[in-house]
Amino acid sequence: MFANSITMCNFVNDTVNQKPHGADKANKHVMKNILIIGATGQIGSELTMNLRSIYGNGHVVAGYIKGAEPKGELLESGPAEICDITDAQNIADVVRKYKVDTIYNLAALLSVVAEGKPLLAWHIGIGGLWNVLEVARENKCAVFTPSSIGSFGPGTPAYKTPQDTIQRPKTIYGISKVTGELLSDYYYNKYGVDTRSVRFPGLISNVTPPGGGTTDYAVDIYYSAVRGEKFICPIAQGTYMDMMYMPDALNACVQLMEADPTRLVHRNSFNIASMSFEPNQIFEAIREELPGFQMEYQVDPLKQAIASSWPDCLDDMCARNEWDWNPQYDLHSMTVDMLEKLSARL
Ligand code: SER
């Protein structure tokens, strides 16, 4: 537990932001035809629209499963196909139909849900990843698969968690994330498949809510605030976790996949960070904008056990050095934007 502030994990300094010679090559967009598996989920729904704005609507296929069909702009702005990560043939058919060269593999169960369905979490997280990697090997695709702060465990240094360190998570979510990192590196080393990944913190967005994660409280709190309700916080005061606003997370995906491969020392997976806070700090940040907002703690034992096993804040120097990671939002600017967007919508 730390007494210091939310900026404690801001490791930016002048030397790390200098680009090595030749780094500008990395700015060329080389992706042409992209498949997003899990396009209607928390990250996918925004990443699909973001990639369509960069590469053209017709070049980004929204892959979804039955029961999670795309709607509205997501459906109307570009191609969409059923793409079940547990069905390798289905993935291969979509990849060939659209001549896909880059796959964003976003299918996963979040940490709390996964604890209730460990076999399904593994089936999707690892069986599914294996399908994606095989299709990518056969069709020469690059692959992005998110890892997470959940890939670390209680034996990991919690403060300024290094890029390369102990990864012995206690959750099935974390176990599948570490395995996914290793399997992705294996496919790169053995077959040359261009696999890349980041370890996402808790992601905060005002578009599609997360479902069943440990960090969800940091999204839910904004909905309560805007609705004028008291927030019941399931995570104990003093529990620090890394968090990130979705626009920065989307930039991380695109920037890493566009990065010059000759600069990448690491691949699966990069620590990335932008802010770390504990519940009282996000509560106070909201109260600066909405002074009447109330919060009460009712700690959820499962969520708390998971949160306590995760790092307080990651050291993301390797991402900053190898592909110029440079997040834009802090807790204050994110809070102002979240409250403005949610107030307009709710
Ligand atoms: N947001 C995820 C979760 O809480 C962690 O990556 O499960």
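The values are calculated or read from the model by the stated rules, or taken from the named source; none is laboratory data. Source: prediction; values computed, not measured. Cβ placement follows ideal geometry from the backbone for every residue including glycine, while neighbour counts extend to all protein chains displayed. To get the accessible areas, we keep the full protein, side chains included, count just its heavy atoms, and leave off ligands, DNA and RNA. Shrake-Rupley method; radii C 1.70, N 1.55, O 1.52, S 1.80 Å.
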Problem set entry | Part-to-part distance (alpha-carbon centres) for the range 71-107 and the range 291-343, which is given in Å | 30 Å
Problem set entry | Most to least accessible of Val61, Val336 (protein chains only, probe 1.4 Å) | Val336, Val61
Problem set entry | Selection from Thr171, Leu183, Ala142 lying farthest towards where the dipole of the range 136-205 points positive, charges on Cβ | Thr171
Exercise. Taking the Cα centre of the chain as the origin, how large is its charge dipole in debye, to the nearest 20, when only Lys and Arg (+1) and Asp and Glu (-1) carry charge on their Cβ atoms?
Worked result: 800 debye
For this session: May I ask for the net charge around Met295, where only other residues with Cβ less than 13 Å from the Cβ of Met295 are counted and Lys, Arg are +1 while Asp, Glu are -1?
Result: -3
For this session: Among the aspartates and glutamates, select those whose C-alpha is under 12 Å from the C-alpha of Lys303, and discard any that sit fewer than 8 residues away in the same chain.
Result: Glu115, Asp216
Seminar exercise, completed: Which residues qualify? For Ile43, with a placed amide H closer than 5 Å and at least 5 residues away or on another chain, they are none
For this session: Could you list which residues have their amide H under 5 Å from that of Cys233, counting only those 5 or more apart in sequence or on another chain, with H placed in the peptide plane?
Result: Glu296, Tyr297, Gln298
Exercise. Roughly what would the spin-label model give for Ser343 and Glu229, points 7 Å off Cα along C-beta, in nm?
Worked result: 2.0 nm
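If Tyr191, Tyr104, Tyr64 are ordered by their accessible area, calculated over protein heavy atoms with a 1.4 Å probe, which sequence runs from highest to lowest?
Tyr191, Tyr64, Tyr104
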Problem set entry | Segment Arg168-Leu302, length gained on full extension (0.36 nm per residue, minus Cα span) | 46.4 nm
Exercise. Of Lys177/Lys341; Lys71/Lys341; Lys117/Lys177, which pairs sit farther than 26 Å apart, going by alpha carbon to alpha carbon?
Worked result: Lys177/Lys341
Seminar exercise, completed: Taking the chain and counting helices only, DSSP H stretches of n ≥ 4 at -39,500 (n - 2.57) each over all residues, the nearest-500 ellipticity at 222 nm comes to -11500 deg cm²/dmol
Exercise. What is the packing order of peptides 266-272, 93-99, taking the mean over residues of other C-beta atoms within 10 Å and listing the highest first?
Worked result: 266-272, 93-99
Problem set entry | Gain upon complete extension [Asp220, Lys71; 0.36 nm per residue less C-alpha separation] | 51.4 nm
Problem set entry | Label point at Asn189 placed 7 Å out along Cα→Cβ; residues across the range 138-179 whose backbone nitrogen lies under 16 Å | 164-165, 167, 178-179
Problem set entry | Spin-label pair Asn57/His123, simplified geometry with 7 Å Cα→Cβ offset, distance in nm | 3.6 nm
For this session: Starting from the amide H of Ala80, placed 1.01 Å from N in the peptide plane, find each other amide H under 5 Å away whose residue is 5 or more places distant or on another chain.
Result: Ala62
For this session: Enumerate the whole-percent occupancy of each 5 Å bin, from 0 to the last occupied one, for all C-alpha pair distances of the range 292-341.
Result: 4, 13, 11, 15, 20, 21, 11, 5, 1
Exercise. What's the percent breakdown of Cα-Cα distances in the chain across 20 Å bins, shortest bin first?
Worked result: 31, 60, 8
Exercise. Between Gln294 and Val113, what FRET efficiency follows from the Cβ-Cβ distance if R0 is 35 Å, with the result rounded to 0.05?
Worked result: 0.80
